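The next block holds one structure in the form of structure tokens; read it before the comments.
Rule-based calculations on the coordinates, nothing more; no lab input. All of these numbers come straight from a predicted model, not from anything done at the bench. Here Cβ is always computed from backbone atoms with ideal geometry, including for glycine, and neighbour counts include all displayed protein chains.
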Amino acid sequence: MSLPSLKNQRIAIIGGSSGIGYGVAECALAEGAQVVIASSNPANVDAAIARLGQGASGGGVNVSDEASVAAFFDRLGALDHLVFTAGDWGPHLFAGPIAQMNFGSAGEALKVRFWGALMAIKHARKRISPNGSITLTDGVLVHRPRKGAPLTTAFGGAIEHLARGLAVDLAPIRVNAVCPGLVLTERLSRSPDLVRQQTEHQLIPRGAEPAEMAQAYLYLMRGTYTTGQVLIVDGGLTLT
């Protein structure tokens, strides 16, 4: 059996114009893949495509709107892999204890990362190769709960269970999830004190570069015998 490779494979990355998604796109291109990136801001997508260069394409998509998602995948055609890194869970997930929770807005946190991911999968699944894969994204607070953020733990856990359920439902397409620790995205790279505070007790006492985190996604795309799994990449945070 030849070594698994992403060369000449086609990868759609929802959330690929920045952060982890952009890192996945950059690293996949370096392996000879073709990448199609998408986000809610077409201008950001165009700028990212220009930086990524040959082999990259993409467009805007609103993953809160099923018609937009359906139209995006109708234009896209055949795929080998879908990666979903989109979403901003924002400050409402860190709104304090249950007694202070605003249930009117709490559900908004699921619109992109959970329901948006599920909509993307619904419309992408028939275009993904039987040997292909889907990779979702949650976060390390699922396994390391923090006071004042119970919804982050709960909603991230829902994504992990969704990956397991879909691995059964969509087989032989493989479905997995990456659970990142702190990643030095554009926003966090401007807050070195916050990064240092949150990582100083980790076994690897720093944040991850997006390209480092991207390696987990590349493995799950290449890993033809891996499905229904959650890959925790956290610098050892969950061991401290």
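Give me the percent relative contact order of the chain, please, defined on Cα pairs under 8 angstrom at least 6 residues apart.
Reported as a whole number, the value is 20 percent.
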Task: Residues whose placed amide H lies under 5 Å from that of S133, excluding near-sequence neighbours - done: H81, L82, R174
Task: Under the Karplus curve 6.51 cos²θ - 1.76 cosθ + 1.60, θ = phi - 60°, whole-Hz ³J(HN,Hα) for the range 200-205, x wherever Gly or Pro sits - done: 5, 9, 6, 5, 10, x
- [ ] Take the Cα atoms of the chain, build their convex hull, and give its volume per residue in Å³.
- [x] 129
Task: Cβ crowding within 10 Å averaged over residues, with 126-133, 150-157 ranked highest first - done: 150-157, 126-133
- [ ] May I ask you to compute the full-extension gain from T238 to Y225, defined as 0.36 nm times their residue separation minus their alpha-carbon distance, rounded to one decimal in nm?
- [x] 2.1 nm
Task: Cα principal axis extents for the range 38-149, largest first, Å - done: 49, 32, 28
TODO: Work out the length of the dipole vector of the chain about its Cα centre, built from +1 on the beta-carbon of each Lys and Arg and -1 on the beta-carbon of each Asp and Glu, and round it to the nearest 20 debye.
DONE: 280
- [ ] State to the nearest 20 debye the size of the charge dipole of the range 122-171 about its Cα centre, where the only charges are +1 on K and R beta carbons and -1 on D and E beta carbons.
- [x] 100
Task: Size of charge dipole - the range 1-123 - debye, nearest 20, with Cβ of Lys, Arg +1 and Asp, Glu -1, no other charges - done: 120
Open item on the list: Give the lysines whose C-alpha is closer than 21 Å to that of K122, dropping any in the same chain fewer than 8 places away, or say none.
Closed with: K111
- [ ] Report the trypsin sites (Lys or Arg not before Pro) located in the range 171-240 that are in a DSSP loop and have at most 12 other Cβ atoms inside 10 Å of their Cβ, or state none.
- [x] R187
Task: Radius 13 Å from Cβ of E31, net charge of other residues (Lys, Arg +1; Asp, Glu -1) - done: +1
Task: Using θ = phi - 60° and Karplus 6.51 cos²θ - 1.76 cosθ + 1.60, couplings along the range 48-54 (whole Hz; Gly, Pro as x) - done: 5, 4, 4, 6, 6, x, 4
- [ ] For the range 28-37, take each phi angle, set θ = phi - 60°, evaluate the Karplus expression 6.51 cos²θ - 1.76 cosθ + 1.60, and give the result in whole Hz per residue in order, putting x for glycine and proline.
- [x] 5, 4, 5, 8, x, 7, 9, 10, 10, 9
TODO: Would you mind putting 179-185, 110-116 in packing order, based on average other-beta-carbon counts within 10 Å, highest first?
DONE: 179-185, 110-116
- [ ] Find, among the GluC sites (Glu not before Pro) in the range 129-200, those assigned to loop by DSSP (not H, G, I, E, B) with at most 16 other beta-carbon atoms within 10 angstrom.
- [x] E186, E200
